[in-house]
Amino acid sequence: YQHGIKETSHQFQLSRTLYQDDNPFFVRDHKYCILCGRCTRICQEVVGANAIEIIGRGFESHVATPFDGPMIDSSCVFCGSCVQVCPTAALMPVSRLGKGREWELDRQETICGYCGVGCKVEYAKKDGEILYAKGAAENSVNGELLCTKGRYGWDFVNHPERLTSPMIRKDVAYQMGLTDEPWELPEKSPLKVHKPKVKDSFIPVDWDTALNLVAEKLAENVKKHGPDAFMGLASARCTNEENYIFQKFVRAGIGTNNLDHCARL
C-alpha cells in the first residue's frame, strides 16, 4: 500500500485466499500471509497452546487449527500473541479494521488495569480512541506477552456510560444546597430496597465536594458505631502505592483492621 505495489511475481494465483472471522478478537486473512511461521512458533514454544500450525503443501500451505476447524473451537486461549508477532495484515485485531494505517496512530505505554501482575501495555490510538493493545517489551515484567483481558479488555474506556466525575444523589445534593430542585426517592423506588443505579437520580459534582461529603459521613458513622463497623476492600487494579495508602487510611485513619482485597475487582 505505502509503496504502490499492485502486482505479484507469482505465475500462479495463490489458492489460500480464505478470510476467517470465526472469533470475536481477531481476523485471519490468508492472502497476506507470508508463511514466516512466527505465529505458530510463539503459540507452540512460548504460549504452549499449540492451537495453530502450517498445513498443506505448495501454494495451498496456510496456517490453520488442527483439522482446519474454527479458531473458537480450538485450544486457542486468545492471548493475541500470534497477532502481535505477525509482520503483515494476515492477523489483525477486529477493533483495528478500517481505522487507518500504522504510521497514522499514536502510541501510549501504561500498566494493565486488571490483575496485580503489572504487565506493561502499549495502546495504539487515533483521534483519542484506543484501537488495539500490545505487550511492551522494554522494562516490562511480561516480555510482550498479555492475557486476553489485558489485550482485548480495554473497550470500557470508550463506553458511553463510563463515569467521568463524582456523583451525588439528588436528595443529598438538595440538602447540601447544591441544587434548587427538591427531589426525593419515590416511595416505591427500588433504590430504597436494592439500591441499584436509577437514571437521573444523581448529579455530577467536583472532587472537593464529593470527598468532603465522604469524610463527613465516615466520621459520623465511626463516631456513632465505632471503627470496627467500617470495612475496607482494596483492589488489585490499583497500584501498590495506592493500596498502601488505602490500608494506611483504614488502619491508622479509621482505626480498624477490617481490611481485605479482591484480586479481580
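Please list, ordered by residue number, the strands (runs of 3 or more DSSP E) wholly in segment 50-151 having 3 or more residues that are crowded, with 16+ Cβ neighbours inside 10 Å. Talk me through it step by step, then tell me what you get.
Numbers: elements: 53-55, 62-64, 91-93, 106-111, 120-126, 129-135.
Output list reads 62-64, 91-93, 120-126, 129-135.
Selection within segment 1-49: residues that are assigned to a helix (DSSP H, G or I) and at pLDDT below 90. The member of this set that is nearest to CYS76 (Cα to Cα) is HIS30. Only one entry in LEU213, LEU259 is surrounded by 11 or more Cβ atoms within 10 Å (Cβ to Cβ), at pLDDT 90 or above, more than 30 Å from CYS115 (Cβ to Cβ) and not assigned by TED's automatic domain parsing to the domain that holds VAL117, namely LEU213.
Within segment 240-261, being farther than 19 Å from ALA229 by Cβ and either among the β-branched types (Val, Ile, Thr) or touching a Cys at 6+ places or on another chain (Cβ under 7 Å) (or both) holds for one residue alone: ILE245. Consider segment 230-255. How many of its residues are in contact (Cβ under 8 Å) with a residue 24 or more places away in the chain, among the aliphatic types (A, V, I, L, M), closer than 24 Å to ILE168 by Cβ and out of contact with any Pro (no Cβ under 8 Å at 6 or more places or on another chain)? Total satisfying the criteria: 3. The numbered conditions (1) part of a helix (DSSP H, G or I); (2) in contact with a Pro (Cβ under 9 Å, 6 or more places away or on another chain); (3) farther than 25 Å from ARG169 by Cβ are all true for LEU211 except (3). Residue count for segment 152-183 under the criterion of being part of a loop (DSSP other than H, G, I, E, B), surrounded by 11 or more Cβ atoms within 10 Å (Cβ to Cβ) and at pLDDT below 80: the result is 4.
Residues that are in contact with a helix residue (DSSP H, G or I) (Cβ under 9 Å, 6 or more places away or on another chain) and not hydrophobic (A, V, I, L, M, F, W, C) were ranked within segment 102-122; the one that is farthest from ARG237 (Cα to Cα) is GLY118. For segment 117-176, the set of residues classified as touching a strand residue (DSSP E or B) at 6+ places or on another chain (Cβ under 7 Å), of a type in the set (Asp, Glu) and either assigned by TED's automatic domain parsing to the domain that holds GLN84 or on the phi > 0 side of the Ramachandran plot (or both) consists of GLU144 only. All told, PRO186 falls short of being surrounded by fewer than 12 Cβ atoms within 10 Å (Cβ to Cβ), at pLDDT below 60, at negative phi and within 35 Å of the chain's Cα centre (by Cα).
The values are calculated or read from the model by the stated rules, or taken from the named source; none is laboratory data. Fair warning: this is a prediction, and the values are worked out from it, not measured in the lab. In this analysis, Cβ positions are derived from the backbone assuming ideal geometry, glycine residues included, and neighbour counts consider all displayed protein chains.
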